[in-house]
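**Student:** Can you read through this structure? Questions will come right after.
The values are calculated or read from the model by the stated rules, or taken from the named source; none is laboratory data. Every value quoted in this text rests on a predicted model; they were computed, and no experiment measured them. When we count neighbours, we look across all protein chains shown, and the Cβ atoms used for this are built from the backbone with ideal geometry, even at glycine. SASA here: full protein model, heavy atoms, side chains in, ligands and nucleic acids out. Shrake-Rupley method; radii C 1.70, N 1.55, O 1.52, S 1.80 Å.
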Amino acid sequence: MAADARPAQPKAILRGHKAQVHAAVFVRGNDRLLTGDADGFVVAWDLTIMRPRAVWQAHGNAILGIAAWGPDRIVTHGRDNKLIVWRLTPEDETRLSTKLPLDPSLETRPQPWMLHMLEVNTMNFCSFSHCPAPPQSSPAASFEILVAVPNTLASEAIDIFHLPSQTRQHTVKLGENNGMVMAVSLFHQAGSSILTLVAGYENGVAAVAQLGSSSNSVWAVKYRSQCHSQPILSLDISPQKDFFLTSSADALISKHPLPIVSPPPPRTNNPETVQQQQQPLKTVNTKHAGQQSLRIRSDGRLFATAGWDSRVRVYSAKTLAEVAVLKWHSAGCYAAGFAGVVSESESEKGSEAEAPPLQEQEGHGEDGELKGGVVEVGGEKEKEKGGAAQARGGGGGGISREVTVVPKLVEMRVREKRVRQARTAHWLAAGSKDGKVSLWDVF
């Protein structure tokens, strides 16, 4: 019983950022954790060994958000008024620096290949949101995306850009006197191609709008609620796209409905004239002000927040009840992120598909581990046979000795086990003002 009463401890602490951590995102099936800090640095952590694989300065100011675009592209959003798309493949990582921002370096760290760059507004401290341009079932979904960011001139409006064309397709303003846009989410409504925009504002209002048919291209406000008394800090959409959650500078967390798909409204220049829902499904006073970076786990069961009081809180997505409080950091937490929930069978399929050829695993690993394959004995190279190599002394003296080496297959299994553990762990990452990232395995 005493052991059960002990507070939870993180599985790992990732040290290396010199400034506060503002973003934490899992990519590539949980193989990598990307973290971004207030100095504009991005670190790609290999979760199989808990070490950096790539470090570069993506922006000249603080990172606001990071997201994956397909398996080989990363989107970063910085306070230097830039949104940049980078190519980051495993091969690209080998050409990048692994020297962490905390380590002094006289040399400039190389950057990945820059594919696109947008000049955007970052006055709001509002991170971008993106979704596939066509519905996700379309073959072109992985090649085209839509990106939502606050408007460059009017901070209460939202611009939607298309990539890779880098053209602005929509400017959306969901009402008057809401103040600045503080959080956005853009997605296609479940089971349809209806483009849906969710926004949280400086005055505590949350609003949902849907784009009509292509013939009229009207954004209609379907939901609007004054759910908070302070600025909304973060919001997230459920995996089934049937509700969304908001957190604020006040102590409230609200659960809101997402409107079902309905026929497009008649053409109008005033989106406020459309009949709207007004009430959230549920609101809970957590008594802990300043919870941000709200993230819902991919199975829809849990969500987490990063708190100004240095604690990470985990809640039930169904009841909004607090189920865990994770305390390790000594300063406020600014970022939280869940790994995707991956089953053992899915992980095995992924590791089989991505396992490198045997010859690529020969030699010594990063930690000096012998990988097998070619062994040097007495200055002579001999290939292992059956997990053992025999080396005979010169001059035909008949003296022989056996050197047992670790077979390649055994080493592959060790590596696959590490990959499987990294992919299937229920990771929750938290980034803090202290520059550290705590990694928790929860529920």
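**Student:** Any residue at all in the stretch 184-200 that is in contact with a helix residue (DSSP H, G or I) (Cβ under 8 Å, 6 or more places away or on another chain), of a type in the set (Gly, Ala, Ser) and over 11 Å from Thr246 (Cβ atoms)? Outline the logic, then answer.
**Tutor:** Pass one, the stretch 184-200, residues in contact with a helix residue (DSSP H, G or I) (Cβ under 8 Å, 6 or more places away or on another chain): none.
Looking for residues that are in contact with a helix residue (DSSP H, G or I) (Cβ under 8 Å, 6 or more places away or on another chain), of a type in the set (Gly, Ala, Ser) and over 11 Å from Thr246 (Cβ atoms), one finds none in the stretch 184-200, hence no.
**Student:** List every residue pair whose Cβ atoms lie under 9 Å apart, where the two residues are 6 or more positions apart in sequence or sit on different chains, the first residue falls within the stretch 9-35 and is without any contact (Cβ under 8 Å) to a residue 60 or more places away in the chain, and the second residue, located anywhere, is of a type in the set (Ser, Thr, Tyr) and open to solvent by less than 10 Å² (accessible area, probe 1.4 Å).
**Tutor:** Pairs found: Leu34/Thr76.
**Student:** How many residues are open to solvent by 10 Å² or more (accessible area, probe 1.4 Å), over 14 Å from Val25 (Cα atoms) and assigned to a loop (DSSP other than H, G, I, E, B) when one looks only at the stretch 426-441? Let's see the steps before the verdict.
**Tutor:** Filtering the stretch 426-441 down to residues open to solvent by 10 Å² or more (accessible area, probe 1.4 Å) leaves 426-427, 433-434, 436, 441.
Now restrict to residues that are over 14 Å from Val25 (Cα atoms): 433-434, 436, 441.
Of the ones still in play, those that are also assigned to a loop (DSSP other than H, G, I, E, B) are 433-434, 436.
Of the residues in that region, 3 qualify.
**Student:** Tally time: how many residues in the stretch 147-167 are in contact with a Leu (Cβ under 9 Å, 6 or more places away or on another chain) and open to solvent by 10 Å² or more (accessible area, probe 1.4 Å)? Break it down into steps so the answer makes sense when it comes.
**Tutor:** Looking only at the stretch 147-167, we keep the residues that are in contact with a Leu (Cβ under 9 Å, 6 or more places away or on another chain), and these are 147-149, 156-158, 160-164, 166.
Those still in the list that are open to solvent by 10 Å² or more (accessible area, probe 1.4 Å) too: 156, 161-162, 164, 166.
Adding up the residues that qualify gives 5.
**Student:** Related question: Might you check whether a residue that is within 23 Å of Cys333 (Cβ to Cβ) and part of a strand (DSSP E or B) occurs anywhere in the stretch 151-165?
**Tutor:** So in the stretch 151-165, the residues within 23 Å of Cys333 (Cβ to Cβ) come out as none.
No.
**Student:** Oh, and also: Mind telling me which of the residues His130, His116 ends up being buried (at least 22 other Cβ atoms within 10 Å of the Cβ) and under 15 Å from Phe143 (Cα atoms)? Please lay out each step first, then the result.
**Tutor:** Working: His116 fails: buried (at least 22 other Cβ atoms within 10 Å of the Cβ).
Criteria check complete, one pass: His130.
**Student:** Considering the stretch 85-98 alone, what residues qualify as being open to solvent by less than 40 Å² (accessible area, probe 1.4 Å) and within 22 Å of Lys18 (Cα to Cα)? Walk me through how you get there before you give the answer.
**Tutor:** Taking the stretch 85-98 first, the residues open to solvent by less than 40 Å² (accessible area, probe 1.4 Å) are 85-86, 88-89, 92-93, 96-97.
The answer is Glu93, Leu96, Ser97.
**Student:** List the residue pairs whose Cβ atoms are under 9 Å apart, where the first residue sits in the stretch 287-310 and is touching a residue at least 60 places away in the same chain (Cβ under 8 Å) and surrounded by fewer than 17 Cβ atoms within 10 Å (Cβ to Cβ), the second is in a loop (DSSP other than H, G, I, E, B) and among the β-branched types (Val, Ile, Thr), and the two are 6 or more positions apart or on different chains.
**Tutor:** Going by the 9 Å Cβ cut-off, the qualifying pairs are Asp299/Val341; Arg301/Val341.
**Student:** I would also like to ask the following. Return yes or no: is Thr319 at pLDDT 95 or above and either open to solvent by less than 20 Å² (accessible area, probe 1.4 Å) or among the basic types (Lys, Arg) (or both)?
**Tutor:** For Thr319, the condition - at pLDDT 95 or above and either open to solvent by less than 20 Å² (accessible area, probe 1.4 Å) or among the basic types (Lys, Arg) (or both) - is not met.
**Student:** Moving on to the next point. Being in contact (Cβ under 8 Å) with a residue 60 or more places away in the chain, under 24 Å from Gly16 (Cα atoms) and not aliphatic (A, V, I, L, M) narrows it down to one residue among Pro110, Pro101; which is it?
**Tutor:** Matching residue, one of Pro110, Pro101: Pro101.
Residue-wise test of (1) among the polar types (S, T, N, Q); (2) on the phi < 0 side of the Ramachandran plot; (3) in contact with a Phe, Trp or Tyr (Cβ under 8 Å, 6 or more places away or on another chain); (4) open to solvent by 20 Å² or more (accessible area, probe 1.4 Å).
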{"site": "Gly16", "(1), (2), (3), (4)": "no, no, no, no"}
{"site": "His22", "(1), (2), (3), (4)": "no, yes, yes, yes"}
{"site": "Arg28", "(1), (2), (3), (4)": "no, no, no, yes"}
{"site": "Asp39", "(1), (2), (3), (4)": "no, yes, no, yes"}
{"site": "Gly60", "(1), (2), (3), (4)": "no, yes, no, yes"}
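Yes/no per residue for (1) within 11 Å of the chain's Cα centre (by Cα); (2) of a type outside the set (Lys, Arg); (3) part of a strand (DSSP E or B):
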| position | (1), (2), (3) |
| --- | --- |
| Leu34 | yes, yes, yes |
| Asp39 | no, yes, no |
| Val42 | no, yes, yes |
| Trp45 | no, yes, yes |
| Pro52 | no, yes, yes |
| Trp56 | no, yes, yes |
| Gly60 | no, yes, no |
| Leu64 | no, yes, yes |
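**Student:** Here is a further query. Kindly indicate whether Val377 is open to solvent by less than 60 Å² (accessible area, probe 1.4 Å), in contact with a Ser or Thr (Cβ under 8 Å, 6 or more places away or on another chain) and at pLDDT below 95.
**Tutor:** The answer is no for Val377.
**Student:** Output the residues belonging to the stretch 145-190 that are among the basic types (Lys, Arg) and touching an Asp or Glu at 6+ places or on another chain (Cβ under 6 Å). Before you say what the answer is, go through the steps one by one.
**Tutor:** Kept after step one, since they are among the basic types (Lys, Arg), are these residues of the stretch 145-190: 168, 173.
If the condition is that a residue be among the basic types (Lys, Arg) and touching an Asp or Glu at 6+ places or on another chain (Cβ under 6 Å), then Arg168 is the only one that fits.
**Student:** Sticking with this structure for a sec: When the stretch 418-443 is examined, which residues are found to be touching a Lys or Arg at 6+ places or on another chain (Cβ under 7 Å) and among the basic types (Lys, Arg)? I'd like the intermediate steps shown before the answer.
**Tutor:** Taking the stretch 418-443 and keeping what is touching a Lys or Arg at 6+ places or on another chain (Cβ under 7 Å), we get 435-436, 439-441.
If the condition is that a residue be touching a Lys or Arg at 6+ places or on another chain (Cβ under 7 Å) and among the basic types (Lys, Arg), then Lys436 is the only one that fits.
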